[in-house]
1. In this structure, is K203 within 24 Å of P160 (Cβ to Cβ), touching a residue at least 40 places away in the same chain (Cβ under 8 Å) and not in a helix (DSSP H, G or I)?
2. Please go through the range 114-131 and pick out each residue that is in contact with a Leu (Cβ under 8 Å, 6 or more places away or on another chain) and near the ligand (Cβ under 9 Å from one of its atoms).
3. Any chance the range 203-211 includes a residue that's touching an Asp or Glu at 6+ places or on another chain (Cβ under 8 Å), crowded, with 20+ Cβ neighbours inside 10 Å and modelled with pLDDT of 90 or more?
4. Within the range 68-105, which residues are within 13 Å of the ligand (Cβ to nearest atom), within 20 Å of V145 (Cβ to Cβ) and hydrophobic (A, V, I, L, M, F, W, C)?
5. Might you let me know whether the range 158-173 holds any residue that is among the acidic types (D, E) and either surrounded by 14 or more Cβ atoms within 10 Å (Cβ to Cβ) or within 16 Å of the ligand (Cβ to nearest atom) (or both)?
6. Every residue in the range 125-139 that is in contact with a Phe, Trp or Tyr (Cβ under 9 Å, 6 or more places away or on another chain) and closer than 14 Å to L208 by Cβ, please.
7. Name the helices (runs of 4 or more DSSP H) wholly within the range 1-111 that hold at least 2 residues that are under 19 Å from Y234 (Cβ atoms), modelled with pLDDT of 90 or more and touching a strand residue (DSSP E or B) at 6+ places or on another chain (Cβ under 7 Å)?
Amino acid sequence: MPYDFDKIARTYDRLNRVMTLGLDRRWRKRAVKEVESGKWHPEGELNTMEKKNNAVKKVESVLDVACGTGDMAVSLAERGCTVTGIDLSEEMLAIAKRKVESGKWKVADAENLPFPDDSFDAVTCAFGVRNFVHLEQGLSEMLRVLKPGGRMVILELATPDSPLIRPFYNLYTEHIIPWLGSRIAGNREAYTYLPESIARFPKGESFLEIIQNSKFRIHNSCQRKLTFGVCRMYVINKEAAR
Ligand SMILES: C[S@@+](CC[C@H](N)C(=O)[O-])C[C@H]1O[C@@H](n2cnc3c(N)ncnc32)[C@H](O)[C@@H]1O
């Protein structure tokens, strides 16, 4: 069973800001930059002349999976994208709807997306994949609805590799975050689950391997560590049509 985010929807944004010291917004903006630079060309790789002539299509339609309270949608809409957001939690979506009135919002499961193949220029997911019950299925669905030549950008929290950072990270996630969770959201349990689920979740190459093993063809993929690797950004380009 996925965690029920309805319970923490009301305090979700405030707690996010406090818990990450405002970095979560910066991370999402960074992801949106990657979406924008992934201008796609439906017929495949661009040659140098086409690139010179800027014969690339602008990224317009973006699906934000597990959109929550819509913060990624806010950043995407600011850059002129048309955003569709899906989430399991009605309470989270209700907040998202108020933030981005132009967005299209739907209660839906990432593991069974209600859209035809090759629907969106780009797909994003911020801090959502860790909550999927069947990770491979969710990722495969996200790739299915992405247009050939399109880009998928995923943000996820991770345990930092550096032995210098680790003790601070452990102290913060094991003690301070659950305490903030109980003070701000009145829900210590949800925020005790957070560091545990981060530690269990595949990161880096292991995560990219799962995507590369999907039945959809990947042109290339890479990861970037943000803020000492506390957040990881994965950029995956779906192979263009032949
Ligand atoms: C940590 S929140 C992230 C929300 C938002 N993307 C953000 O950037 O703040 C995780 C969200 O994933 C949603 N979620 C979890 N499993 C899901 C699934 N299988 N399909 C759709 N949404 C899901 C939850 O309801 C929750 O809103």
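The values are calculated or read from the model by the stated rules, or taken from the named source; none is laboratory data. The structure presented is a predicted model; accordingly, all values stated were derived computationally and were not measured. Ideal geometry is used to build each Cβ from the backbone, glycine not excepted, and the neighbour counts take in all protein chains shown.
1. yes
2. Of everything in the range 114-131, those that are in contact with a Leu (Cβ under 8 Å, 6 or more places away or on another chain) and near the ligand (Cβ under 9 Å from one of its atoms) turn out to be T124, C125, A126, F127, V129, R130.
3. There is at least one residue in the range 203-211 that is touching an Asp or Glu at 6+ places or on another chain (Cβ under 8 Å), crowded, with 20+ Cβ neighbours inside 10 Å and modelled with pLDDT of 90 or more.
4. Listed by number, the residues that qualify are M72, A73, L76, V83, I86, L88, L93, A96, V100, W105.
5. No, there is no match, as no residue in the range 158-173 is among the acidic types (D, E) and either surrounded by 14 or more Cβ atoms within 10 Å (Cβ to Cβ) or within 16 Å of the ligand (Cβ to nearest atom) (or both).
6. Answer for the range 125-139, where residues must be in contact with a Phe, Trp or Tyr (Cβ under 9 Å, 6 or more places away or on another chain) and closer than 14 Å to L208 by Cβ: V129, L135, L139.
7. 23-37, 71-78
So that you can scan it fast, the table gives a plain yes or no per residue for (1) within 22 Å of V59 (Cα to Cα); (2) not β-branched (V, I, T):
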site: D161; (1), (2): no, yes
site: S182; (1), (2): no, yes
site: A199; (1), (2): no, yes
site: E205; (1), (2): no, yes
site: I210; (1), (2): no, no
site: F228; (1), (2): no, yes
site: N237; (1), (2): yes, yes
